[in-house]
Each structure stands twice: as structure tokens, then as C-alpha cells.
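Note sheet for the following structure.
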Amino acid sequence: MATVERTQATMTINMGPQHPSTHGVLRLLLTLEGETVLDVEPVIGYLHTGIEKEAEFKTYHKVITLNDRLDYVSGMTNNFAYSLAVEKLLGIEPPKRGQYLRVIVAELQRIASHLVWLGTTGLELGVLSAFFYCFREREKILDLFEMLCGARLTYSYIIPGGVRYDLPDGWIDRCRQFLREFPQAWQELDELISQNPIWLERTKGVGTIKPEDAIAWGVTGPCLRASGVAWDLRRTMPYSSYDDFDFDIVTETDGDTFARYWVRMREMLESVKIVQQAMENLPNGPVLADHPWATPPPKDRLDKDMEALIRHFLFYSRGYPVPPGEAYAAVESARGEVGFYIVSDGSEKPYRMHVRAPSFIHVHALPIAAEGHLIADLIAILASFDPVMGEVDR
């Protein structure tokens, strides 16, 4: 970034770390000339959880409950990326039904996350009603997740080897009902927001990022695709049977705040398409690989098979060893590429775990989008990046 020349007209002020529009405890050190933003310096660390370090003291199975607290709005995708990395080290692959169930919950999670983003951004930009519409629909997805795994926020549902549970009775009918109703709800949101004069005034031409800048800063996800770059890990580096499904990679070319909004809106409909295909073609069979020590035995064998009971006890109390080596795996989350790099020394605990968090990168790319805009625009620009501070401060 260019060095800002300070004069008597420039001033430096703090925005945050306690500010309702910073999407968590984020401090922005702003250099202003009047109301014009000359520079933004993100200052992070106020929510430091130490999850990466703590993972070194937990068995591989127990790390799952840590990683879905990083991006607490999209816990399924964190479980997903972590499990793929561990599976690479173990050399195992989930059964096809397990892979499809991962895709279903990951896409439902994407819709839920985008709805949180849209509802809260509406609050910040003066379109308050959107919040109620968005959270009404999000509740339906959380009900499905609760029905599936008993949790509404930190799921720990996707585990190395597959998923923890198969679908309960009635779940498919409830999910199909949601998929039938959601396009109508999406239409309501579109009519409410997309031509709203306040929304257009606050987002059109605001916070533009050129595609070359987005690539140079490592921006991914909807923020990258809104700048015209059709990069989506689900298509460019398919995982978990994503190449079985027909869906479009949504892009826009303006690269501004409105483009980032519109990409997320259209992505929700693409996610509906993916879930519908996965439900229609859901394979039969197990949902979890049968590994001799790295996956828990089926529950129905515990009271009939002593070896299964011993394996169950060892799995949950001692953990399981993972062959020495290193692996990186990533998935396309609602915010972009979230990846886990794990180094194993052959023990039951990771020697080192590092998370490639899209929010960390996007927060630091904020200055290129905010420079030259009014301080009031900074609210809209930051919101359009959709950062979650839990995965920034790890």
C-alpha cells in the first residue's frame, strides 16, 4: 500500500474494537481527511482463542469440536476441511453416501451463512426488514441441523471417515419442504432489497476491487467471484463427489459491494440445486468408513461384539495414531477457501495445525477497497467482506 502523506488536515481515529459494524471485536485504525478514508489498518487479536495451538494437545477426534468454533457461522465447512486433511494422512475415503451427506449439509450451511450475512448487513445499511426474513429461513435450516445432530451452531457432524450419523426418519421430507419453499422466500428478499434505493445508494460503485488486486491479495469466495474471477474449489478442485452435480459458478464483473451481494444471493439458489440433486441421487450404504482404529465402530455392535466395545473405548479415550507426514485440504466455504494444514509425527495428536482462514485474508485486503471512500461507506464495504473474527484470531 502507498504511504499516506499526513498533513494538518489528516486525522487518525479508531473504529472498534467494540463497534456494532465490525462484525466482532475488530479494531480499524483509520486515517481520514475530512470524511474521506485515506488508509485503513486492521488491528486483530482481540478474540484470540489459541485454537491452532490447543489442537496440538488434543487427539484428532477431539480437535473437531475446536474447529467448528473458528467460523461459528459456518461450522460444518470447518469440520469438512479438517476431516479431509486427516483423511489424506490416514489414506481413507468416506463411502459415497457419506460424501453426499457432506455435500448436503455444506450447501445448507452456505445458505444459512449467506442469510446471516444478508440480514445483519441489512441492519447496518438501513434495510431492517430483511433481517426478519433472513432469520426466518435460517431457523428452518438450523432445525434440520438440530434434527440431524442435536446442535444448532457447533455441530461436529462431519468427522474423518464420513459423517457421524445417518439421516433420521422424516429428515428428507423436512428438507424437501424447505427446498420447495425457499425460492419463494428468496424472491421476497430480492424484491425487498435489490431495487431498494437506500441499498443501491450504499452499495453500487462502493468498495470496488479489481480482479488482479483480488488475486494478488489472496481473496477467495464470493468476494473474488464478484470481481469476475470464476474460481470455486467445488469446480476447480472437486472434492467429496462435487463433480457429480450440475451447478453454475456465479460471477459478477463490477467488483463492488453490490456485486458481492448479488453473487451471494444467486449462490443460494445454486446451493438449492445441489442439495436437490444430492437428495434425488443419495446412494445407499454406510455413512462412515470402516477403518480398524480411526473410525468408531457402529453403535449396534457395541452390545454384541467385545472387540467393537474395546475399539469404541480406545477411540474415545486414547484417540488413534495418524501416520507421519503432512497434508493440506481445503473446501469452498461461504466465505471462501478454508483449509487445514496438518503435520503428523505419528502420534494421536497433531504435531502442528494451521488454518487458512478466508476472513483473515479479507480483513487485510480491506484497505484496497476502502481507500478514497467516505467513512460511512466503510460500514458497507466491511460488511460485504463478511468476516467472522473467530477464524481471524486463531
- Message: From the helices alone, meaning DSSP H stretches of at least four residues, give me the mean residue ellipticity at 222 nm for the chain, per-run term -39500 (n - 2.57), in deg cm²/dmol to the nearest 500.
- Response: -14500 deg cm²/dmol
- Here, Ile375 and Gln184, labelled 7 Å along Cα→Cβ, have an inter-label distance in nm of 4.6
- Item | Accessible area (Å², per residue) of the stretch 347-390, counting only protein heavy atoms and a probe of 1.4 Å | 28
- Message: Which three extents, in angstrom, do the Cα atoms of the stretch 236-277 have along their principal axes, listed largest first?
- Response: 32, 21, 12
- When the chain is modelled as a GNM with alpha-carbon springs shorter than 10 Å, which of Pro296, Pro367, Pro168 fluctuates the most? Pro168
- Enter the accessible area per residue of the stretch 165-225 (Å², integer; probe 1.4 Å; all protein chains in place). 52
- Query: How far is helix 257-280 tilted off the main Cα axis of the chain, in degrees rounded to 10, range 0 to 90?
  - Reply: 20
- Query: When the convex hull of the C-alpha atoms of the stretch 41-110 is computed, what volume per residue in Å³ does it have?
  - Reply: 114
- Value of relative contact order over the chain, rounded to a whole percent, pairs C-alpha under 8 Å and six or more apart: 26
- For the stretch 257-352, what is the relative contact order in percent, using Cα pairs closer than 8 Å and at least 6 residues apart in sequence? 16
- Given the C-alpha centroids of the stretch 30-55 and the stretch 203-232, what is the distance between them in whole angstrom? 20
- How much length is gained if the chain between Met279 and Glu212 is pulled fully straight, taking 0.36 nm per residue apart and subtracting their Cα-Cα distance, in nm to one decimal? 20.3 nm
- Message: What does the C-alpha gyration tensor say about the overall shape of the stretch 14-144? Classify as rounded when a/c is under 1.5, otherwise prolate if a/b is larger than b/c, or oblate.
- Response: oblate
- Task: May I ask for the Rg/Rh ratio of the chain, computed from Cα atoms with Rh as the Kirkwood radius, given to two decimals?
- Result: 0.99
- Message: Keeping every protein chain present and rolling a 1.4 Å probe, give me the accessible area per residue for the stretch 227-315 in Å².
- Response: 49
- Query: In debye, nearest 20: dipole of the stretch 225-356 around its Cα centre with unit charges on the Cβ of K, R (+) and D, E (-)?
  - Reply: 460
- Note on the structure: Mean 1/r over distinct Cα pairs of the stretch 350-394, inverted to a Kirkwood Rh in Å, yields 11.7
- Taking a spot 7 Å from the Cα of Glu54 along the direction of its beta carbon, which residues of the stretch 352-367 have an amide N less than 16 Å from it? 353-355
- Item | Normalised per residue, the volume of the convex hull around the Cα set of the stretch 189-257 (Å³) | 100
- Message: Accessible area of the chain with a 1.4 Å probe: how many percent of it is carbon plus sulfur?
- Response: 53
- Message: Could you tell me which residue out of Val275, Leu314, Thr251 lies farthest along the dipole of the chain toward its positive end? Charges go on the beta carbon: Lys and Arg +1, Asp and Glu -1, centred on the Cα centre.
- Response: Leu314
- Query: Quick one: which of Lys88/Lys140; Lys62/Lys88; Lys62/Lys299; Lys96/Lys140; Lys96/Lys299; Lys88/Lys349 span more than 22 angstrom between C-alpha atoms?
  - Reply: Lys88/Lys140; Lys96/Lys140
- About the Cα centre of the stretch 24-96, how large is the charge dipole given +1 on each Lys and Arg Cβ and -1 on each Asp and Glu Cβ? Please answer in debye to the nearest 20. 520
- Message: Testing the spin-label approximation: label points 7 Å from Cα along Cα→Cβ at Ser194 and Val43. State their distance in nm.
- Response: 4.2
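Label the stretch 119-260 by shape, choosing from rounded, prolate and oblate, from the square roots a ≥ b ≥ c of the eigenvalues of the Cα gyration tensor; if a/c is under 1.5 it is rounded, and otherwise prolate applies when a/b is larger than b/c, oblate when it is not.
Oblate.
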- Query: Taking the Cα centre of the stretch 7-127 as the origin and placing charges on Cβ (Lys, Arg +1; Asp, Glu -1), which of Met11, Leu29, Thr120 is farthest toward the positive end of the dipole?
  - Reply: Thr120
- Under the classification rounded if a/c is under 1.5, otherwise prolate if a/b is larger than b/c and oblate if not, where does the stretch 240-334 fall, given a ≥ b ≥ c as square roots of the Cα gyration tensor eigenvalues? prolate
- So, with +1 on the Cβ of K and R and -1 on the Cβ of D and E, and no other charges, what is the size of the charge dipole of the stretch 43-197 about its Cα centre, to the nearest 20 debye? 420
- Task: Given the options Trp117, Trp293, Trp231, state which has the largest fluctuation in a GNM of the chain using a 10 Å cut-off (strictly under) for Cα springs.
- Result: Trp293
- If one computes the Cα centroid of the stretch 315-329 and of the stretch 158-175, what distance in Å separates the two points? 24
- Note on the structure: The distance between the Cα centres of the stretch 96-134 and the stretch 363-394, in whole Å, is 19
- Task: Give me the angle, in degrees from 0 to 90, between the Cα long axis of helix 75-90 and the longest principal axis of the Cα atoms of the chain, rounded to the nearest 10.
- Result: 50
- Relative contact order %, the stretch 114-273, counting alpha carbon pairs below 8 Å whose residues are six or more apart: 19
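The values are calculated or read from the model by the stated rules, or taken from the named source; none is laboratory data. On a predicted model such as this, the values are computed, not experimentally measured, just so you know. All Cβ positions, glycine included, derive from the backbone under ideal geometry; neighbour counts span all protein chains shown. The protein model used for the area step is the full one, side chains on, heavy atoms only, and it has no ligands, DNA or RNA in it. Shrake-Rupley method; radii C 1.70, N 1.55, O 1.52, S 1.80 Å.
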